[in-house]
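What follows is a short report on a single structure.
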Amino acid sequence: MTIEVKDVVSRKILNEASGYLDIGFTHSLNPYSGCAFACKYCYVREMPIQQFKDMPWGEWVEIKTNAVDIYKSEMIKLRRKSSKAHIFMSSATDPYQPIEREAGITRAILEAMLQEPPDLLQIQTRSPLVTRDIDLLTQLKDQCQVLVSMTIETDREEIKRIFAPYAPGINMRLEALKKIHDAGIYTQAALSPVLPFTPQFPTVLAEIADRIWIDTLNIGDGRSGKRSERLGMPQLFKSHGLSEWYRKDIHIRVKKYFMRSYPPEKIHVSKEEAFWDGGDLK
């Protein structure tokens, strides 16, 4: 798949949290616009940032070249107001998508955070590239709360290929989460969205994820499942004989199943329980 990459100058990098994130997070931070992983279920496909584009989601990425300078200036302003900074990185892109290897915007932002740390940083990614920055994350966690959340929506590679064929492999993500966990950084496995998995999935995650976050296409797309419906998710599940996994109560079933391997306080269901303040990991 050919991807058009373009440098852009952004007016803001810390966007006030709203909607899905307005549950404890104060800001979202997206180092890039667009995402090369092009997951079929991604709700951003149904947002204005994509709908006003003349090319498909997954085929364009914009690099916010001035992200570091804006971050520093915006954080200084926040601190002058004595405002909190609970940052979710990222809500509409993956901060560790392939272009990050070359552009290094996310790493540069982490370096800036060492100078101007937030109160809390949650990194949301599905890329093993996050392990490259363990050196910065171990320093940053001494200055603020840090959680690395790895999207691992299934432990079945054949299922991953149906819904997210361009995303990193499942085993690579599991290995990456283990490295981060072993480095002493708090970890979360995000079943986001829940896709069919094997009975061993909770056991596999138990040793490497301090926290489980359960999300579904009905409660996590920001429109109570309407965006997922417009993306054709019910039909995609049905065409592969997986309709049982598209139930509106699937999050309840999955939580009960994971409680066999995890303490209840470490299992959280979107949206209300998505925010982490470190309390359940201390």
Checking ILE134 against (1) assigned to a loop (DSSP other than H, G, I, E, B); (2) over 22 Å from ALA38 (Cβ atoms), the condition it does not meet: (1)
Please enumerate the residues belonging to the stretch 26-66 that are at pLDDT 95 or above, farther than 20 Å from MET233 by Cβ and part of a loop (DSSP other than H, G, I, E, B). THR26, ASN30, PRO31, GLY34, ALA36, GLU59, THR65, ASN66
For residues in the stretch 74-93 being assigned to a loop (DSSP other than H, G, I, E, B) and touching a residue at least 12 places away in the same chain (Cβ under 8 Å), which is most open to solvent (accessible area, probe 1.4 Å)? LYS84
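Identify, from the list PRO202, PRO196, the residue that is part of a loop (DSSP other than H, G, I, E, B) and either in contact with a helix residue (DSSP H, G or I) (Cβ under 6 Å, 6 or more places away or on another chain) or closer than 13 Å to THR154 by Cα (or both). Please lay out each step first, then the result.
On the way: PRO202 fails: part of a loop (DSSP other than H, G, I, E, B).
Being part of a loop (DSSP other than H, G, I, E, B) and either in contact with a helix residue (DSSP H, G or I) (Cβ under 6 Å, 6 or more places away or on another chain) or closer than 13 Å to THR154 by Cα (or both) holds for just one of PRO202, PRO196, which is PRO196.
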Of the conditions (1) open to solvent by less than 60 Å² (accessible area, probe 1.4 Å); (2) closer than 24 Å to PRO165 by Cβ, the single one that ALA112 does not satisfy is (2)
Of everything in the stretch 241-271, what is open to solvent by less than 70 Å² (accessible area, probe 1.4 Å) and among the charged types (D, E, K, R)? Give them in sequence order. ASP249, LYS255, LYS266, LYS271
Of (1) open to solvent by 30 Å² or more (accessible area, probe 1.4 Å); (2) in contact with a Pro (Cβ under 6 Å, 6 or more places away or on another chain), ARG161 fails just (2)
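Would you mind finding the one in TYR71, TYR20, TYR96 that is surrounded by 16 or more Cβ atoms within 10 Å (Cβ to Cβ), part of a helix (DSSP H, G or I) and under 16 Å from the mean Cα position of the chain (by Cα)?
Numbers: TYR71 fails: under 16 Å from the mean Cα position of the chain (by Cα); TYR96 fails: part of a helix (DSSP H, G or I).
Result of the check over TYR71, TYR20, TYR96: TYR20.
The values are calculated or read from the model by the stated rules, or taken from the named source; none is laboratory data. Note that this is a predicted model, so its numbers are computed, not measured. Reconstructed Cβ throughout: ideal geometry from the backbone, glycine too, with neighbour counts over all protein chains shown. Accessible surface is based on the protein model in full, side chains and every heavy atom, while ligands, DNA and RNA are left aside. Shrake-Rupley method; radii C 1.70, N 1.55, O 1.52, S 1.80 Å.
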